[in-house]
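**Student:** Dumping the structure here so I can ask a few things about it.
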Amino acid sequence: MNAADLIRRKRDGGRLDDAEIEALIARYARGEVPDYQMSAMAMAIVFRGLDTEELAAWTRAMLDSGDRLSWDFGPIVDKHSTGGVGDKTSLVLAPVCASLGLHLPMISGRGLGHTGGTLDKLESIPGYDVSLSASTLRRLVRERGMVICGQTGDIVPADKRLYALRDVTGTVESIPLIASSIMSKKLAEGLDGLVLDVKVGSGAFMRTLDQARELGRTMVSLGEAMGVPTRVVLSSMDQPLGRAVGNALEVREAALTLQGQGPADLVELVVVLAAEMLVLGGVATTVEEGAAAARRSLSDGSAWEKWLLAVSAQGGNRRALEDLTQLPTAAHRRDVVAESGGIVTAFETREVGLAAVMLGAGRTRIGESIDPAVGLEVWAEIGDAVHAGDRLFTVHYTDVDELDAACDRLSAAVSIGPSATPAPLILDRI
Ligand code: URA
């Protein structure tokens, strides 16, 4: 296999056969194909796509690049999101589902492009360890009902490398690359059921409902072909989810949500996703029953208790969650205010995510360190009336050269007009 030949063929609109894909991915996972060739291939796929057979072969090859988990207990159910801004859903959803009897080996990612990453968020809890051995992961899923960790040991090492590469090479926005990245990780978990939260809108990789439906259907076909019942919820990312964007700020919001003080949109999404997962896992017979159980778990403290135990089991300091002032805190704050009065009509949510990256909450180069304390709070939603001078965002920052530019970016990300029709959060299900 000559990687340069394959890149040229894909660039020119040709197709790759199963053996070529297998060899390319296996050699990439072993470090024999360098990142510069893989980023060229990823860019060719962004422009040319993969057909159905190529995608199935690509996903299988990613899956075969490492180990798979298997279980002698269950039900084992997970959820994965295609990525958004302020999306701390997993931090709340996993303990809700675990408190109701599901087992979740949730293998998550770091920030990708303008979107935040669950692992980066969790690492803002002092001591929290995202790198578990396969045996620890198995033990904790059995004993605690959940883990949230990185690509442990040898699970889909090809995606571990490719994901980090795509983050910094402008090669995230591609249906086959997103579908294979997500599904290879999830299929390696040995699941009884999978729920996918496909984000749609100005802060999502899929900006239109049609693109999101296509991604959703693609992932459902891959899941079902591999024998994993898969459901998709399409949810709006036309504005940040909840109020907090940035790692420790999002952990704080997740902790408050688990104590019954969450923002309505985050709670709604958690309940909808949990309901689907509980039905897939056979714990609830209808989504209505699942939703009621999820709401109970949030209000009676059982999800909160479950999270404290799960965080401690991964080395995290539960006192930092019980007393949120112990989480990393930025030294400075600055408000970004409305320049004119009216109704908030739209967010360019991707710009909000990129402003958080400029503050240091995400990466622009592979392996760059991030600042867990920085980020922003969002004080307005689509449909809200604001007056000139009202606070739209509070930026939490440490010394950063690009503060003014980040604030300008935030200011430009909000449109204010005469009227707005707020769109629903849940847009469709597949
Ligand atoms: N989440 C993933 O795991 N991979 C992607 O490509 C996008 C979101």
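**Student:** Given (1) of a type outside the set (Phe, Trp, Tyr); (2) in a helix (DSSP H, G or I); (3) surrounded by fewer than 21 Cβ atoms within 10 Å (Cβ to Cβ), where does Val283 come up short, assuming only one miss?
**Tutor:** For Val283, the failing item is (2).
**Student:** Provide a single number: the residues in the range 19-58 that are on the phi > 0 side of the Ramachandran plot and either in contact with a Cys (Cβ under 8 Å, 6 or more places away or on another chain) or acidic (Asp, Glu) (or both).
**Tutor:** 0
**Student:** Now for a separate question. How many of the residues in the range 317-370 are part of a loop (DSSP other than H, G, I, E, B) and in contact (Cβ under 8 Å) with a residue 60 or more places away in the chain?
**Tutor:** Within the range 317-370, residues that are part of a loop (DSSP other than H, G, I, E, B) and in contact (Cβ under 8 Å) with a residue 60 or more places away in the chain number 19.
**Student:** Is it true that Thr59 is modelled with pLDDT of 95 or more, under 22 Å from Ala29 (Cβ atoms) and within 16 Å of the ligand (Cβ to nearest atom)?
**Tutor:** Taking the combined requirement at face value, the residue satisfies it.
**Student:** Any idea which residue in the range 94-113 is surrounded by the fewest Cβ atoms within 10 Å (Cβ to Cβ), counting only those that are modelled with pLDDT of 95 or more and in contact with a Lys or Arg (Cβ under 6 Å, 6 or more places away or on another chain)?
**Tutor:** Ranking the candidates gives Ala98 first.
**Student:** Within the range 166-194, how many residues are more than 11 Å from the ligand (Cβ to nearest atom) and either touching a Ser or Thr at 6+ places or on another chain (Cβ under 8 Å) or among the polar types (S, T, N, Q) (or both)?
**Tutor:** Number of matching residues: 6.
**Student:** Does Pro229 fit the bill of being assigned by TED's automatic domain parsing to the domain that holds Met106 and surrounded by 23 or more Cβ atoms within 10 Å (Cβ to Cβ)?
**Tutor:** no
**Student:** Is it fair to say Arg213 is away from the ligand (no atom under 13 Å from the Cβ), among the basic types (Lys, Arg) and touching a residue at least 40 places away in the same chain (Cβ under 8 Å)?
**Tutor:** yes
**Student:** Return yes when Arg363 is surrounded by 15 or more Cβ atoms within 10 Å (Cβ to Cβ), at pLDDT below 95 and not aliphatic (A, V, I, L, M) and no when it is not.
**Tutor:** yes
**Student:** For the range 416-430: of the residues being over 20 Å from Ala264 (Cβ atoms) and of a type in the set (Gly, Ala, Ser), which is surrounded by the fewest Cβ atoms within 10 Å (Cβ to Cβ)?
**Tutor:** If we take residues in the range 416-430 being over 20 Å from Ala264 (Cβ atoms) and of a type in the set (Gly, Ala, Ser), then Ser419 is surrounded by the fewest Cβ atoms within 10 Å (Cβ to Cβ).
The values are calculated or read from the model by the stated rules, or taken from the named source; none is laboratory data. Since the model is a prediction, treat every value here as computed from it, not as a measurement. FYI the Cβ positions are ideal-geometry reconstructions off the backbone, even for glycines, and counts take in every protein chain you see.
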